[in-house]
Structures are given as structure tokens and as C-alpha cells.
Amino acid sequence: MADDRFAADLDACHPLSPARQAAFREQGFVKLPGVLQPATLDAVAGEIRRQVQLLNRQDKPMAARSTYEKAFLQIMNLWRVSPEVARFCAGRKLARLAAELMGCRGVRMYHDQALFKEPGGGITPWHCDQQYWPFSGPQCVTAWIPLQAVPAEMGPLAFSIGSHRHDFGRDLEISDESERTISKALTLRDLPVDEGPFALGEVSFHAGWTFHRAGPNRSASMREVMTIIYLADGMRLAEPRNRNQRNDWETWMPGARVGEPIATELNPLLWSDA
Ligand SMILES: O=C(O)CCC(=O)C(=O)O
């Protein structure tokens, strides 16, 4: 990755049809097959795996962990410690897709995270990400990038279709309660769920208010996933509404000021059509 052999794949323009843009607007997420090549994913996966092994501090046995801790090993902002991962995260292909899906002219980095669901790892409870993010508007999106194919038994990311338009449960952090309460609310509203598998190279994008979850990993292999969270250039910092949002402010945009555009050194511009 450091030698930039994968630049063409990382930076190419991936065509996005109006139908897919509309699907993202209507459904709150979209799954795009064939976005990244297997060789690119293989190269970055080696480095992400190495960093996760190096930085992981989770040593409790599965049975002793909370529901959140059982869901995945979560290692954040690898782009700050690894030039290879930084190159991957700076890729213009994904950043441009994020901007085009959100209908904005540019996007900045919020943070990245590796989400490795171990064999025997538990569910990722229903939640929406903007519970954690003190943003002035909805233009933020997560690219969920599997580093191998994710069949049903490994816990692919599942989305409640159209749930970004519903404001129930937005104040619930990831927990047994969020799983219980949101699952009930989604069923009551009859919202369908897309819980299909991911092929290698497929990438999903989900909006900050879209409810999503993942099943347990019943396979014998680690479910290795990288994520990159993008926010629209010009997004302003909002007054935090809970302790998670205060923590995010300090961690991912230290020095940003409430009411002003978010643009700290941790939030570089990754795509702009200007
Ligand atoms: O990978 C998972 O299990 C959950 C991912 C997730 O919640 C997210 O990327 O927002």
C-alpha cells in the first residue's frame, strides 16, 4: 500500500447511477458491489490486521464481556498511526461516492475504525450513529468496507430500510436496551430489513440516522471490516446532547467550536469538486 500500487483503484471515479443516489436518499443506505478490487483489499487488510493485533486491549473472555464488548474489537483512527491506512482512507473513490450520495460538494474525515467481529462474537445491537455525533445536520455517512466476503453466518451489517426518516430511539446508545426498544419500534412500523451478505469488494454507505445492526459471528473466522466516516464539508459542531457526543468532540475534533464548521487537523478534506 505504501508504494501506492493501488492508487488507481483507490482514486478512480466509480460511476454512481441516479437510481443508486435515489435509493440512498429513500432507504438511508446503499450497497454497492465491486467498488474495490480484491488485491487492494488484501493489501490493506494485512496492515489493518497487524494494527488491530498491536493496539487491541480487549483481553476479557467472551462470556465476561458486555453486549457492546462482545460485538467487535473496535480500533479507531488507524489513519493516524499507519501511513498505509492513511493512504487507504485518503482514497478519492470512496470519498467522492460519499459526497455524491449525500449530494454535497466535499467531504471531510470524521474518523475511521476497524470493526473485527471475532468467531463467537455477539450481535451488534440496533442503533443509529448520530446518537454519538454532535453535528448540526444529517449529512454524514459511514462506508462499511468488508475485508473479506461476509456471508450471513459472519454477521453482515443489516439496515432498517427507510428508518432514517423515523426519530424514535435516536437517543439510545448501543446496548441491550437499544436492541430491544428499537427492534420493537421497527417491527411496529413494519419497516423491512436488508440483512443480505456482502461480496468481496462490496461497500455499503449508511446515513447517520439510519438504524442498523449485525448478527453474531457463527463462523470460525474473524469478520474483518474497516469503516470510514465522512461528514459534509461545512458541517458545524452542535452543542453536545449527551456524554458520547462530548467525548466525540474531544476525541475526533478537538478544538472545534460550537456553531462553527468542523475542520480540525483530524478532519482533512478528502474530496471536493471545487
Ligand atoms: O460492524 C458492525 O457490526 C457494526 C457497524 C456499525 O455499527 C457502523 O459501522 O456504524
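The values are calculated or read from the model by the stated rules, or taken from the named source; none is laboratory data. Being a predicted model, the structure only gives us computed values, none of them experimental. Because the Cβ atoms are built from the backbone with ideal geometry, glycine has one as well, and the counts that use them run over all protein chains shown. The protein model used for the area step is the full one, side chains on, heavy atoms only, and it has no ligands, DNA or RNA in it. Shrake-Rupley method; radii C 1.70, N 1.55, O 1.52, S 1.80 Å.
Summary table
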| read-out | value |
| --- | --- |
| Flag for Arg170 being open to solvent by 30 Å² or more (accessible area, probe 1.4 Å) and away from the ligand (no atom under 12 Å from the Cβ) | yes |
| Residue satisfying condition, being among the hydrophobic types (A, V, I, L, M, F, W, C) and farther than 30 Å from Gln53 by Cβ, within set Phe168, Phe205 | Phe168 |
| Odd one out for His206 among (1) under 26 Å from Leu16 (Cα atoms); (2) more than 10 Å from the ligand (Cβ to nearest atom) | (2) |
| Exclusive hit being farther than 22 Å from Ala143 by Cβ and in contact with a Gly (Cβ under 6 Å, 6 or more places away or on another chain), set Pro216, Pro240, Pro254 | Pro216 |
| Close pairs from the range 187-203: first at pLDDT 95 or above, partner among the charged types (D, E, K, R), Cβ under 8 Å, at least 6 apart | Asp194/Lys31; Gly196/Lys31; Phe198/Lys31; Glu202/Lys31; Val203/Lys31 |
| Filter result (hydrophobic (A, V, I, L, M, F, W, C) and in a loop (DSSP other than H, G, I, E, B)) within the range 161-182 | Ile161, Phe168, Leu172, Ile174 |
| Leading residue by the ranking (most open to solvent (accessible area, probe 1.4 Å)) among those in the range 65-119 that are in a helix (DSSP H, G or I), without any contact (Cβ under 8 Å) to a residue 40 or more places away in the chain and more than 23 Å from Pro134 (Cβ to Cβ) | Glu69 |
| Which listed residue is under 18 Å from the mean Cα position of the chain (by Cα), of a type in the set (Lys, Arg) and open to solvent by 30 Å² or more (accessible area, probe 1.4 Å), from Arg213, Arg257 | Arg213 |
| Among residues of the range 115-139, those that are within 15 Å of the ligand (Cβ to nearest atom), within 23 Å of Tyr68 (Cα to Cα) and either touching an Asp or Glu at 6+ places or on another chain (Cβ under 6 Å) or not aliphatic (A, V, I, L, M) (or both), counted | 17 |
| Residue count, the range 83-114 (criterion: away from the ligand (no atom under 16 Å from the Cβ) and acidic (Asp, Glu)) | 2 |
| Some residue of the range 150-157 being among the hydrophobic types (A, V, I, L, M, F, W, C), within 11 Å of the ligand (Cβ to nearest atom), modelled with pLDDT of 95 or more and touching a helix residue (DSSP H, G or I) at 6+ places or on another chain (Cβ under 9 Å) | no |
| Selected residue (only one of Gly137, Gly201, Gly196, Gly122 is assigned to a loop (DSSP other than H, G, I, E, B), open to solvent by less than 30 Å² (accessible area, probe 1.4 Å) and in contact with a Lys or Arg (Cβ under 6 Å, 6 or more places away or on another chain)) | Gly122 |
| Which numbered condition Ser175 misses (of (1) under 28 Å from Met62 (Cα atoms); (2) more than 14 Å from the ligand (Cβ to nearest atom); (3) small (Gly, Ala, Ser)) | (2) |
| Residue count for the range 183-193, restricted to those that are open to solvent by 50 Å² or more (accessible area, probe 1.4 Å) and not in a helix (DSSP H, G or I) | 4 |
| Selection within the range 220-254 - in a strand (DSSP E or B), farther than 30 Å from Gly46 by Cβ and open to solvent by 10 Å² or more (accessible area, probe 1.4 Å) | Arg236 |
